[in-house]
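Peer 1: Here it is, the structure in full.
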Amino acid sequence: MAKITFDGIEVEVPDGTTILNAARKIGGGIVPPAMCYYTPLKGSGGKCRACLVRVAAGSAKDPRPMPKLVASCITTVQDGMVVENTTSQQVMDVRKGIVEMLLINHPLDCPVCDQAGECDLQNFAYEHGVSTTRYEEERRTFDKIDIGPYVQLHMTRCILCYRCVYTADQLTDARVHGVLGRGDASEIGTYIENTISNDFSGNVIDVCPVGALTDKTFRFKQRVWFTKPVNAHRECGHEKCSGHVTLWYKGQDVLRVTARKDEYGEVKEWICNECRFEKKETSDWVIEGPAHIDRSSVISANHYELPVINPQVIADLPESTVRELERNPPLKLGGMSGSM
Amino acid sequence: MGRKLLTEHVNVEGIETFAVYRKHGGYRAVEKALKMTPEEVVEEVKKSGLRGRGGAGFPTGLKWSFLAKPEGVPRYLVCNADESEPGTFKDRFLMSKLPHLLIEGMIAGSYALGARTSYIYIRGELLYVLRILEKAIAEAYAAGFLGENILGSGYSLDLHVHPGGGAYICGEETALLESLEGKRGNPRNKPPFPAVQGLYARPTVVNNVESIATVVPILNMGGDEYAKIGVGKSTGTKLFSACGHLNKPGIYELELGVPVEEFIYSDEYCGGIWKGRELKAVVAGGSSVPILPKELILKTAAGEPRLMTYESLSDGGFVTGTMLGSGGFIAMDETTCIVKNTWNFSRFYHHESCGQCSPCREGTGWMEKVLHRLEHGHGSMHDIDLVVSVAKQIEGNTICPLGEAAAWPVAAAVRHFRDEFEWHVTHPKEATQPGAVYRGNMVLA
Amino acid sequence: MEPTTAPTKPQFSPAAQAEIKRLLSHYPDDRKKSTLLPVLHIAQAEFGGWVSPEVQDLVAETLGLRPIEVYEVSTFYTMFNLKPVGKHVLEICRTGPCMLRGSDELTAHLERITGAKVGETSPDGQFTLKEVECLAACGFAPVVQVREKYYESLDTEKNVNAMLSELKSLVHRPILPWEETGLPTSLNNN
Ligand SMILES: Cc1cc2nc3c(=O)[nH]c(=O)nc-3n(C[C@H](O)[C@H](O)[C@H](O)COP(=O)(O)O)c2cc1C
Ligand code: SF4
Ligand code: SF4
Ligand code: SF4
Ligand code: FES
Ligand code: FES
């Protein structure tokens, strides 16, 4: 075991734990944001640099500070380590810079983006960004393409976290998409026209932190905050499929099916394409009850303007949410749309 | 004239062949090494004070002593012959002229590290050099210096050359290893370091061509003798590749410690600035290191003559100093536009970023665009601060040092030549005249 | 003009197959993927100076890789041409040290006399112009690489013309990148 101090809070974790996961054990607002790391995916992390923290003391044995900020998602704890995240102005400043970098080529078309409301980048930008941009150049754009019958790729929104590539590598045995090109011309793609058709390919949608990979079967293209998440399960014949899902309802309709995510947006139990794309009737499922609304939900985060709230929609929302909405009318996300 | 330890016989007819190289004392270092224990070979290299010639200047012997040696796991010595840092062209010279020197160093080094298979990773553009090396390797096999049971010592080694495919980033050692594994050249997160998990996740040492070649004279003369050459911690001789506006650009082997002024102006070396012009600035160690104006490259801020050593070139830190880097010495005459040159370098880093981590992927392109604007007379005063601020946002926050390599030249150019950047803003018409250049308040066409 | 499209079902020549076999012996048996870059070089030389998707698929098949593993790599490294090219690809260095000694002027000059812009192939199919970054020949700037050969000190009309006429006189494209030896025109230092 190793004992570390994170933003002044002591926590004890097994040796080999990353700083990020130690912080998650404490929980709350001190947890660094993670845009590329994904616990179940081997090799993930280190790329986005959103999770950089300052190590003020390396260990009890060698209490010198580390010379550079380190990626908390891939740096393991040492006994006696002292880490600063929200308590370090340097970290906060650098993080603002990272948001800026991630956004300079990002379209920020949240109003028409399927991910809006459950987007890690949107949350990250809201929490750490500034509301004006210094970027005057032309933004990089790509056409959106369908990769197979279920998944749409909107590359312009991709932040190159590589999660979908690791997912396809580690979950399926026939990866057909990958990172092509290099530098800021890198893109996720299949190179030649190709279909992601593996039985577990749908999981790339869940791991994608932004609206780059989305579910083409998400019926009616509803804003997620108009939908009601409900946990459910079924006996699935697929060996690797957990059959544990979240159903997203509007009224009586199941609009989409996703794997269950924890409060950090991580899927711990993968699901197969049949459960995700083909089972959209309530009768397909054993309902367990309302899903926990996590920290990345717009409803709890309360960042959005809902121009017109359809009464019917309100009727479908959980009681507590409606009360929350009444108490705290959602605000327009600070300068994000358009003028950013 | 200084001693030449690497290039002494470079002009001997046929020196690229085994027979001639051998006749001039070649492979004595291997014979000597095989009679020593591997630890003794490492010790000699430690004593020599040799510092890595690839750019970072890390002590080679120390690096070798860090190599993990788990029982039953192969380990590798990989030679970094990716040479792509603008201004640097010494390794290509060494390999094409003296292939056996590198091979000899590889054998001695591999023996010291306990490697049974070693690789030379050469940039793909140098396919003709790859073939020179392969031919020399075949000769070395035939002569019993490679393969099974070398010289009856019981030690066996296979040596192969591997081409890259056109990517500066593959000079970064972990990107190089990825590339050698047949993948995209994405640098790895560290730790783990190559000494523990390198090629195929096995312990690996990566060294520059010149570092490995230098092991040969070190073993021949002894580490202690080698360490007597040079100044302080800058021991021995080093190859410098001089380019830009010099009368005699080329590759020079120098005993470390030659004054910069002598190197530039003496007829023994670069022979002064071409066309009788004045020197304006120098990038002393490859495009990644900070540029210095004439006053600061010839003399330190304290007025001491600057020497061609690691310590002297970095005297003054980044405020008034620079770095020895890879030894790529780029001289610019009075007609050089610093803004254009800075933009050109930033285009290079933009083009060569692997794109894995967000500050470098996005920031290098951003800097290039702003600099392009400034160079073409569309920039504002605010752009000058902007580009420095973007550089700062990259520096220190990336996976690999390419981030810094991209940021430093920009920050340094603005630091030392801010007035020239401002002139591009205040005099856009003049600045975009072909051949126009800022020199104080004077415009020369 | 040479054929710009590879045959639909490309096959490696026996010489290339032998070379690939030799290369495979350089790496551990379970690390065939290590030969990907050298084999892509061979493929590019064999199939008209570029690697079409079909050729890349052949490389994947030869090495037992998934096609995407080859695409990821071929699009990362700049030496692989992903579109058809002319008989000779002139790779002009554009980086700082070459720029200081006239690479911009050289590029403009080559564009004029070949009739191709950077990124294009001349109407006669002879030359494709490509800008590249530092070729490690900065002291002999400006520099153009054509396949294996470095043409250096191209700051005089004479040197440029010598390069072009030498290239025009080459009838055959070399089969394997490893076969043709072309020594650099200079490197006569020290
Ligand atoms: C972007 C980048 C490019 C590099 N390019 C080279 C190179 O071309 N050749 C080289 O020897 N080292 C290069 N290096 C340094 C290597 O990572 C490594 O430090 C070196 O090969 C170690 O060898 P040495 O200790 O013998 O110098 C580069 C580093 C970076 C970050
Ligand atoms: S991906 Fe996120 S930040 Fe980008 S447009 Fe969609 S919701 Fe907005
Ligand atoms: S598509 Fe999504 S998951 Fe894949 S790399 Fe881009 S942002 Fe990450
Ligand atoms: S710093 Fe640049 S080159 Fe290095 S890993 Fe990050 S993106 Fe790639
Ligand atoms: S989450 Fe740590 S670098 Fe992306
Ligand atoms: S800059 Fe052209 S070869 Fe180095």
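The values are calculated or read from the model by the stated rules, or taken from the named source; none is laboratory data. Keep in mind it's a predicted model, so treat the numbers as computed, not measured. Cβ placement follows ideal geometry from the backbone for every residue including glycine, while neighbour counts extend to all protein chains displayed. Accessible surface is based on the protein model in full, side chains and every heavy atom, while ligands, DNA and RNA are left aside. Shrake-Rupley method; radii C 1.70, N 1.55, O 1.52, S 1.80 Å.
Peer 1: Which lysines, if any, have their Cα less than 21 Å from the Cα of C:K21, not counting same-chain residues under 8 positions apart?
Peer 2: Qualifying lysines at Cα under 21 Å: B:K135, B:K183, C:K9, C:K32, C:K33.
Peer 1: Ok, one more. Using a probe radius of 1.4 Å on heavy atoms only, what accessible surface per residue do you get for the range B:58-171? Whole Å² is fine.
Peer 2: Working: 2890 Å² over 114 residues.
Using a 1.4 Å probe on heavy atoms only, each residue of the range B:58-171 averages 25 Å².
Peer 1: Would you compute the Debye intensity of the range C:83-175 from its alpha-carbon atoms alone, equal scatterers and no solvent, and pass along log10 I(q)/I(0) at q = 0.18 Å⁻¹ to two decimals?
Peer 2: Each listed q maps to, in turn, -0.73.
Peer 1: Further question on the same structure: How large is the charge dipole for the range C:14-74, taken about the Cα centre, if only the Cβ atoms of Lys, Arg (+1) and Asp, Glu (-1) carry charge, to the nearest 20 debye? Write down the numbers at each step before the final one.
Peer 2: Numbers: 6 positive and 9 negative charges, 44 e Å.
For the range C:14-74, the charge dipole is close to 220 debye.
Peer 1: Highest mean first, what order results for A:91-97, A:63-69, A:163-169, B:98-104 on Cβ atoms within 10 Å?
Peer 2: Details: A:91-97: 18.7, A:63-69: 13.1, A:163-169: 23.4, B:98-104: 27.4.
The packing order, highest mean first, is B:98-104, A:163-169, A:91-97, A:63-69.
Peer 1: What figure in square angstrom, to the nearest 10, would you give for the accessible area of A:D62 with a 1.4 Å probe?
Peer 2: The accessible area of A:D62 comes to roughly 60 Å².
Peer 1: Mind listing, in residue-number order, the residues in the range B:137-172 that have at least 10 Å² less accessible area with every protein chain present than in their own chain alone (1.4 Å probe)?
Peer 2: B:H160, B:V161, B:H162, B:P163, B:G164, B:G165, B:G166, B:A167
Peer 1: Nearest 5 percent is fine: what portion of the DSSP beta bridges confined to chain B is antiparallel? Could you put the intermediate results ahead of the total?
Peer 2: Values: 23 of 44 bridges.
Around 50 percent antiparallel, to the nearest 5.
Peer 1: How large is log10 I(q)/I(0) at q = 0.05, 0.07, 0.09 Å⁻¹ when the Debye formula is applied to the Cα atoms of the protein assembly as shown, each weighted equally and without solvent?
Peer 2: -0.32, -0.63, -1.04
Peer 1: Continuing with the same structure: Going by a 4.7 Å Cβ-Cβ cut-off, which cysteines of chain C have no partner at all?
Peer 2: C:C134
Peer 1: Could you report the accessible area of C:H109 in Å², rounded to 10, computed with a 1.4 Å probe on the protein chains as they sit in the structure?
Peer 2: 30 Å²
Peer 1: Sort out for me the Cα centre separation of the range A:23-91 from the range A:117-162, rounded to whole Å.
Peer 2: Rounded to whole Å, the Cα centres lie 25 Å apart.
Peer 1: What distance in nm separates the simple spin-label points at C:E157 and C:A15, each placed 7 Å from Cα in the Cβ direction?
Peer 2: Between C:E157 and C:A15, the label points sit 3.8 nm apart.
Peer 1: Ok, one more. Just the number, please: buried accessible area between B and C, total of both chains, 1.4 angstrom probe, nearest 100 square angstrom.
Peer 2: Details: alone 17860 and 10710 Å², together 23600 Å².
Counting protein atoms only, the buried area is about 5000 Å².
Peer 1: Here's a follow-up. Note down the Stokes-Einstein diffusion coefficient of the range C:14-74 in µm²/s, whole number, using a Kirkwood radius over alpha carbon pairs, 20 °C, and 1.002 mPa s. Mind showing how you got there, number by number?
Peer 2: On the way: Rh = 11.5 Å.
Calculated translational D: 187 µm²/s.
Peer 1: B:K35: which lysines have alpha carbons under 20 Å from its alpha carbon, excluding same-chain residues fewer than 8 sequence positions away?
Peer 2: Straight-line reach from B:K35, under 20 Å: B:K46, B:K47.
Peer 1: While we're on this one: Taking each residue in A:184-192, count the Cβ atoms of any other chain within 10 Å of its Cβ, then average. What number comes out? Write down the numbers at each step before the final one.
Peer 2: Values: counts 13, 7, 10, 2, 0, 4, 3, 10, 7.
Per residue, the number of nearby Cβ atoms from other chains is 6 on average.
Peer 1: Right, next: Report the convex hull volume per residue for the range A:2-100, counting only C-alpha atoms, in Å³.
Peer 2: 92 Å³
Peer 1: Oh, and also: Of C:T121, A:P229, A:L102, whose Cα points farthest to the positive end of the dipole of the protein assembly as shown (charges on the beta-carbon: +1 Lys, Arg; -1 Asp, Glu; origin at the Cα centre)?
Peer 2: Among C:T121, A:P229, A:L102, the one farthest towards the positive end of the dipole of the protein assembly as shown is A:L102.
Peer 1: For the protein assembly as shown, what is the charge dipole size about the Cα centre, in debye to the nearest 20, if Lys and Arg each add +1 at the Cβ and Asp and Glu each add -1 at the Cβ?
Peer 2: 440 debye
Peer 1: Enter the angle in degrees (range 0 to 90, nearest 10) between the Cα long axis of helix B:381-394 and the first principal axis of the Cα atoms of chain B, meaning the one along which they spread out most.
Peer 2: The answer is roughly 20 degrees.
Peer 1: By average Cβ neighbour count within 10 Å, what is the ranking of A:153-162, C:117-126, B:135-144 from highest down?
Peer 2: Top of the packing list down: A:153-162, B:135-144, C:117-126.
Peer 1: Something else: Of all the C-alpha pairs in the range A:165-271, what % are more than 21 Å from each other?
Peer 2: Values: 2336 of 5671 pairs.
Tail of the P(r) past 21 Å holds 41 percent of the pairs.
Peer 1: Still on this model: Note the buried accessible area between B and A here, summed over both chains, with a 1.4 Å probe, in Å² to the nearest 100. Write out the running numbers ahead of the final one.
Peer 2: Working: alone 17860 and 16510 Å², together 31680 Å².
The contact between A and B buries close to 2700 Å².
Peer 1: A further question follows. With the other protein chains left in place, how much accessible area per residue, in square angstrom, belongs to chain C at a 1.4 angstrom probe? Please report the intermediate quantities before stating the final value.
Peer 2: Details: 7670 Å² over 190 residues.
About 40 Å² of surface per residue is accessible.
Peer 1: Right, something else. If you count the DSSP beta bridges with both ends in the protein assembly as shown, what percent of them are antiparallel, to the nearest 5?
Peer 2: Details: 67 of 96 bridges.
Among the beta bridges of the protein assembly as shown, antiparallel pairing accounts for roughly 70 percent.
Peer 1: How large is log10 I(q)/I(0) at q = 0.10, 0.15, 0.20 Å⁻¹ when the Debye formula is applied to the Cα atoms of chain C, each weighted equally and without solvent?
Peer 2: Each listed q corresponds, in turn, to -0.44, -0.93, -1.37.
Peer 1: Let me ask you something else. When the convex hull of the C-alpha atoms of the range B:1-130 is computed, what volume per residue in Å³ does it have? It would help to have the intermediate numbers written out before the result.
Peer 2: Details: hull volume 18.0 nm³, N = 130.
Per residue, the Cα convex hull of the range B:1-130 comes to 138 Å³.
Peer 1: Pairwise over distinct Cα atoms, reciprocal of the mean inverse distance: report the Kirkwood radius of chain B in Å, one decimal place. Write down the numbers at each step before the final one.
Peer 2: Values: mean 1/r = 0.0442 Å⁻¹.
About 22.6 Å, per the Kirkwood formula over Cα pairs.
Peer 1: What number, in nm² with one decimal, is the all-direction average of the projected area of the convex hull of the alpha-carbon atoms of the range B:303-445? Don't skip to the answer; put the middle values down first.
Peer 2: On the way: hull surface 36.2 nm².
The number I arrive at for the range B:303-445 is 9.0 nm².
Peer 1: Give me the aspartates and glutamates in straight-line cross-link reach of A:K261: C-alpha distance below 14 Å, same-chain residues under 8 apart excluded.
Peer 2: A:E118, A:D120, A:D206, A:E269, A:D294
Peer 1: Hey, another quick one. Determine the share of the protein assembly as shown's accessible area contributed by carbon and sulfur atoms, expressed in whole percent, with a 1.4 angstrom probe. Don't jump to the answer; show the numbers that get you there.
Peer 2: On the way: 19040 of 36520 Å².
Of the solvent-accessible surface of the protein assembly as shown, carbon and sulfur hold 52 percent.
Peer 1: Compare the peptides A:172-182, A:29-39, B:12-22 by average per-residue count of other Cβ atoms within 10 angstrom and give them in order, highest first. It would help to have the intermediate numbers written out before the result.
Peer 2: Numbers: A:172-182: 20.0, A:29-39: 22.6, B:12-22: 16.4.
For the peptides A:172-182, A:29-39, B:12-22, the packing ranking is A:29-39, A:172-182, B:12-22.
Peer 1: Still on this structure, I have one more. How many Å³ per residue does the convex hull of the Cα positions in the range B:18-228 occupy? The partial results should precede the final answer.
Peer 2: Working: hull volume 24.0 nm³, N = 211.
Convex hull volume per residue, Cα atoms: 114 Å³.
Peer 1: How about chain B: what cysteines have no other cysteine beta carbon under 4.7 Å from their own?
Peer 2: Result for chain B is B:C79, B:C170, B:C270, B:C337, B:C354, B:C357, B:C360, B:C400, no neighbouring Cys Cβ within the cutoff.
Peer 1: How many partner chain Cβ atoms sit within 10 Å of a residue's Cβ in peptide C:15-28, on average, as a whole number?
Peer 2: Average per residue, whole number: 2.
Peer 1: How many Cβ atoms of partner chains, on average, are near each residue of B:78-86 if near means within 10 Å of its Cβ? Spell out each step's value before the answer.
Peer 2: On the way: counts 0, 0, 0, 1, 1, 3, 5, 4, 11.
Taking the mean over all residues of the peptide, I get 3.
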